[in-house]
Amino acid sequence: MPYTPKEMGRASLSRTFILYTLGLFAILGIIFVGILTKITWDAAHARAIRVTEAFFQATKRPFERAIWTVNADATLQLIRGLESLEVVERVWVETPDTGNFGEPASGPRQAEALSYTLNSPSTILQKDAIGQVFILIDRNTISYEIVSTVGFIVSAIIIYLLLLAVVTRTVFRRLIGRPLSAIVEYLSTPRLIEDPPRAKLMAGRADEIGILAESLQLMVQRRHLDLKKIQEYQTNLEELVAHRTEQLKLVQEELIQADNLAALGALVAGVSHELNTPLGNALMAATTIKDSTGYLRTELDRQSLSKEALENEVGRISDTANIIEKTLGRARELVGNFRQVAVDRQSEKKRPFNFDHIIRETLATLQPTIRKTSFEIELDLDADEVIDSYPGAVSQLVSNFVENAIKHGYEGIDQGRIRLSSQIISSKEDGDGGEPEKTVVFKCRDYGVGIPEKNLKKVFEPFFTTKFGKGGSGLGMAICYQLVTEALNGTISVTSEVGSGTEFTIEFPARAPQKAQTPIRKRVQ
């Protein structure tokens, strides 16, 4: 579950609803209590003033007589009578002639006192003022009364809010909280989509929550059915992909084999064409020797052969024999190179060989093809050492790189140069403490159109070609990658810049490990 029960309790919908509701009621209650306090205060204060005024009016005449007769005891007695009122805090009388009676208030409180004028009893008609009575209302008494009244009201409001909270929470949890918790628990069921519960979630409820629960359950059941279909499709798809992948591998191997045979066929055609010249010259020389020997035999039969004629024919036969020797030697060299390259390519036999020599032998077999073009092969070979690896793979790599550079590296360009370089780098010593391990580095660079960056990562992918439908199979570089990684146990990389050319780099150990026999795959029907 995403939340623990404790966390869900703190963040439950009912708790939030109660807090918001009580908070709103509390704010409204505070406003109500404030207004009520102000109204009650004003009413109590006005009532206190009315009571005080009524009592004063009842004692005004005695006050005037006592002041007029300068009867201090009577005046003080009247003052104590007014102070005995519950709402009166202090009373004092100020007269211009006889002084003050009672203790006057000080400070701001003096300004709050009620003031009443006392007139002379003998001159009522003139209303001569003989003094003033000051009555200070007791605020504490009014406050106590208000606090009592408001406190009772606030207590009633608090009790009401608590009862409202309890009732609201109970009703809310019953109608909304528990059903929503049941829905959350249902949605939190482990493997809900894979194995949804069969029991109905909100049986018997037809309100909005019941409709929501039913909709969720239907949605989960639909997702369950969709998941089952997807799993069935996935199972069938995995079997289909495995079947198609096996077929694709077989097709790929057949295409690679066909490409190898096609390359070997082109090699045979080129070598055959190259052999025609020395064999034709040898045939012509042999014919010349036959004619010379026939002439000598005829002259001998006639016994008319002169010394000069014999010397001429012998010289002619000797020159012709030299020609035959040179042309047949050239033919023998071509046949030897071809046989070695062809055998190496087909046998995949590991043997010691000179790395630079196998490059030159391969280029010799490619000369008939290269000679027809305006491209030059530039050699910078510095690996003139015997290594123990697979010469057939090296030969095929060289021919593939050269042909790829001519066809694709210089696309749209009639001439150019291809640079082949090699070197042997000594690395750390082997585990037996013998000679240091050696790594062969071979590079093929052209200065043609280059490869766009978006295609660099796809160069070694099978069937990737920019000449689709134009004779390109997309297997040349895939074959090179397979030969380097599987046969030579090395690595191959490519760097290129559009307009500046492309460079392939191969690194592999000078002593290749013995390959295990690859099992023959059966065709998948």
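Data for the structure
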quantity	calculated
Subset of the stretch 193-211 (residues that are open to solvent by less than 80 Å² (accessible area, probe 1.4 Å) and in a helix (DSSP H, G or I))	Ile209, Gly210
Residue within the stretch 436-453 that is at positive phi, at pLDDT below 85 and surrounded by fewer than 17 Cβ atoms within 10 Å (Cβ to Cβ) present	no
Number of positions in the stretch 62-106 that are among the charged types (D, E, K, R) and either open to solvent by less than 90 Å² (accessible area, probe 1.4 Å) or touching a residue at least 60 places away in the same chain (Cβ under 8 Å) (or both)	5
Subset of the stretch 366-383 that is of a type outside the set (Lys, Arg) and part of a helix (DSSP H, G or I) - its residue that is surrounded by the most Cβ atoms within 10 Å (Cβ to Cβ)	Leu366
Verdict on Lys522 being modelled with pLDDT under 85, open to solvent by 80 Å² or more (accessible area, probe 1.4 Å) and not in a loop (DSSP other than H, G, I, E, B)	no
Residue ranges of strands (runs of 3 or more DSSP E) in the stretch 57-159 with at least 3 members at pLDDT 80 or above	88-95, 114-119, 129-137
Selection within the stretch 340-372 - over 15 Å from Val398 (Cα atoms) and modelled with pLDDT under 75	Val343, Gln346, Ser347, Glu348, Lys349
Options Val402, Val398, Val386; residue that is within 16 Å of Ala512 (Cβ to Cβ) and either open to solvent by less than 10 Å² (accessible area, probe 1.4 Å) or without any contact (Cβ under 8 Å) to a residue 60 or more places away in the chain (or both)	Val386
Residues (more than 23 Å from Ile324 (Cβ to Cβ), of a type outside the set (D, E, K, R) and either outside any helix (DSSP H, G or I) or modelled with pLDDT of 65 or more (or both)) located in the stretch 259-312	Leu300, Gln303, Ser304, Leu305, Ser306
Check on Asn337, modelled with pLDDT of 90 or more and either farther than 25 Å from Val494 by Cα or surrounded by fewer than 17 Cβ atoms within 10 Å (Cβ to Cβ) (or both)	no
Within the stretch 158-192, tally of residues that are among the polar types (S, T, N, Q) and open to solvent by 40 Å² or more (accessible area, probe 1.4 Å)	3
Tabulated pairs, the stretch 44-61, first without any contact (Cβ under 8 Å) to a residue 40 or more places away in the chain, second of a type outside the set (S, T, N, Q) and surrounded by 15 or more Cβ atoms within 10 Å (Cβ to Cβ), C-beta under 7 angstrom, 6+ apart or interchain	Val51/Leu85; Val51/Val87; Phe55/Leu82; Phe55/Leu85; Thr59/Leu78; Thr59/Gly81; Thr59/Leu82
Selection count, the stretch 276-300, where residues are of a type in the set (D, E, K, R), surrounded by 14 or more Cβ atoms within 10 Å (Cβ to Cβ) and farther than 15 Å from Asn312 by Cβ	0
Extreme residue, modelled with the highest pLDDT, among residues of the stretch 457-483 that are part of a helix (DSSP H, G or I) and open to solvent by 40 Å² or more (accessible area, probe 1.4 Å)	Tyr481
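The values are calculated or read from the model by the stated rules, or taken from the named source; none is laboratory data. Quantities reported herein were computed from a predicted structural model and do not represent experimental measurements. Every residue, glycine as well, gets a Cβ built from its backbone with ideal geometry; the counts of neighbours run over all protein chains shown. Areas reflect the complete protein model, heavy atoms only, side chains present, ligands, DNA and RNA absent. Shrake-Rupley method; radii C 1.70, N 1.55, O 1.52, S 1.80 Å.
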